[in-house]
Amino acid sequence: MTSFMKEHIKKKPFYKKPWFAKTAGILFLAIIFGAVSAIIFSLTLPWAQENFGNPEVYSLGRETTAETTNPQTDENSVQTSDRKEAESNIDLEDFKVLYAQIRDIADNAFHGVVTVSGISSNEDLFQKVYESEEKASGMIVGMDSSQILILTQSGILEDAERIIIRLADDTICEAQLIMTDEVSELALLTVKREELEEEQLNDMTVLNFGTTKSLSQGDPIIALGNLMEEMNSIASGAVTSLGDTPVMDDSYQIIHTDIAGSIDGSGILLDMDGNVVGIMTHKFGTNMESRICAIAADDISRILNQMMSGEEKVVMGITGRNVTENISEELNMPQGLYVTSVADNSPAMYYGIQSGDILTSMNGEKILSQKDYQNVLKQCTIGEEIPIKIMRKVRDGYSEMEMTVRLEEQK
């Protein structure tokens with residue numbers, strides 16, 4: 001009889017398995033660390049309470065009331081709100097102060113501004129005579145014991161039979177023309193002092209010219225006068241650019257602004273100190289007819305001094321631009337004054353100077369720029385004949401030409 005041996009595999013107890021040993025080790029370490037933490041906390045708690053006090057504990061469901069709200073937080077919120085409101089009020093107050101200053105500057109300057117009217121007679125189709133009137137702003141530039149001097153635009157005086165001045169109080173008096181300047185289109189007028197009452201004379205102010213040397217792009221500026229064909233208007237804005245513009249036998253600095261104005265408007269520009277820094281012009285400057293431009297005060301002062309002195313102005317009739325050394329090298333052309341235009345019926349036209357010629361010498365002096373040309377011309381006299389050298393464009397480059405020009409008086 002065959003017998004078989006039966007073997008039974010007995011399972012290993014769980015406490016001898018690897019995972020049990022790892023788990024037991026972790027629990028043991030946790031107990032040790034917990035016990036150490038509890039001991040440290042119990043030892044440091046009295047010290048923390050003594051130094052920091054007992055913390056206030058809030059339940060999640062606890063309703064926040066006025067008693068539980070942090071007063072410091074509320075105070076900070078109120079202060080922040082008040083500060084924002086104050087900043088908003090300060091901004092508005094700044095604008096009010098600024099515009100009040102502009103108004104004060106304009107009010108003071110209006111004592112030196114008048115309305116000038118050129119009156120002329122005409123006939124209609126039925127041969128009935130009527131009067132036409134052209135108006136412009138004028139500024140008082142001088143007063144003495146016998147007269148008041150007024151500077152205005154000459155365009156309104158063409159064919160005028162009478163010149164009427166209207167003061168700020170609507171008083172009307174007559175003026176006489178002293179002199180006009182053809183290039184700037186300015187006219188100098190005089191009003192007899194005896195035509196005005198003492199009270200009116202005391203209310204009049206001679207406006208002072210400032211200088212554009214301290215004027216920069218972006219500076220605030222005030223316009224005063226007949227800006228939109230409405231007398232005694234005020235507007236403010238900023239200087240957008242300043243630049244030299246060549247004119248006949250001279251150059252003017254032109255102030256460009258962002259202030260809107262009519263093409264037929266007139267007036268003056270003031271800086272924030274109340275000084276006149278320019279007189280409005282439409283002859284020079286930008287093509288944007290809706291923006292005010294002005295001849296700078298430095299040039300106005302020079303023109304005014306010449307008219308007040310009665311000095312005769314010598315005319316050649318050239319408008320030009322500088323051919324600098326860099327332009328000369330880049331374009332392969334002679335250095336000097338490039339003639340952009342020649343005035344009709346001028347000495348330059350009579351003696352054959354043309355647009356495109358380059359003036360290089362005048363009366364024995366070398367001409368390299370507009371300034372050189374102006375300095376030589378100022379030293380000349382009416383009727384004087386002066387030698388001139390020009391470079392004229394020909395097929396193979398430039399050819400030098402010499403001529404003698406007899407200078408004339410500005411008409």
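The values are calculated or read from the model by the stated rules, or taken from the named source; none is laboratory data. Quick caveat: nothing in here was measured; it's all calculated off a predicted structure. All Cβ positions, even for glycine, are placed from backbone atoms using ideal geometry, and neighbour counts span all protein chains on display.
Under the condition of being closer than 16 Å to Q153 by Cα and buried (at least 19 other Cβ atoms within 10 Å of the Cβ), which residue from region 224-251 is farthest from the chain's Cα centre (by Cα)?
N226
Being touching a Lys or Arg at 6+ places or on another chain (Cβ under 7 Å) and surrounded by fewer than 20 Cβ atoms within 10 Å (Cβ to Cβ) narrows it down to one of E402, E325, E384, E365, so name that one.
From the options E402, E325, E384, E365, the qualifying one is E402.
Give I119, I156, I178, I140 a once-over and let me know the one that is outside the structural domain of N226 (by TED's automatic domain parsing), at pLDDT 95 or above and either part of a strand (DSSP E or B) or surrounded by 16 or more Cβ atoms within 10 Å (Cβ to Cβ) (or both).
Selected residue: I140, the only one of I119, I156, I178, I140 that is outside the structural domain of N226 (by TED's automatic domain parsing), at pLDDT 95 or above and either part of a strand (DSSP E or B) or surrounded by 16 or more Cβ atoms within 10 Å (Cβ to Cβ) (or both).
Give the number of residues within region 378-411 that are part of a loop (DSSP other than H, G, I, E, B), touching a residue at least 12 places away in the same chain (Cβ under 8 Å) and not hydroxyl-bearing (S, T, Y).
Qualifying residue count for the region: 8.
Does T240 satisfy the criteria of being outside any loop (DSSP other than H, G, I, E, B) and not assigned by TED's automatic domain parsing to the domain that holds I255?
no
Just the residues that are free of Cβ contacts under 8 Å to residues at least 12 places away in the same chain and not β-branched (V, I, T), please, taken from region 164-193.
Listed by number, the list holds a single entry, D170.
Hey, can you tell me all the residues within region 181-193 that are within 27 Å of the chain's Cα centre (by Cα) and not in a strand (DSSP E or B)?
V183, S184, E185
Any residue that is more than 30 Å from R103 (Cβ to Cβ) and in a strand (DSSP E or B) - is there at least one of those in region 296-317?
yes
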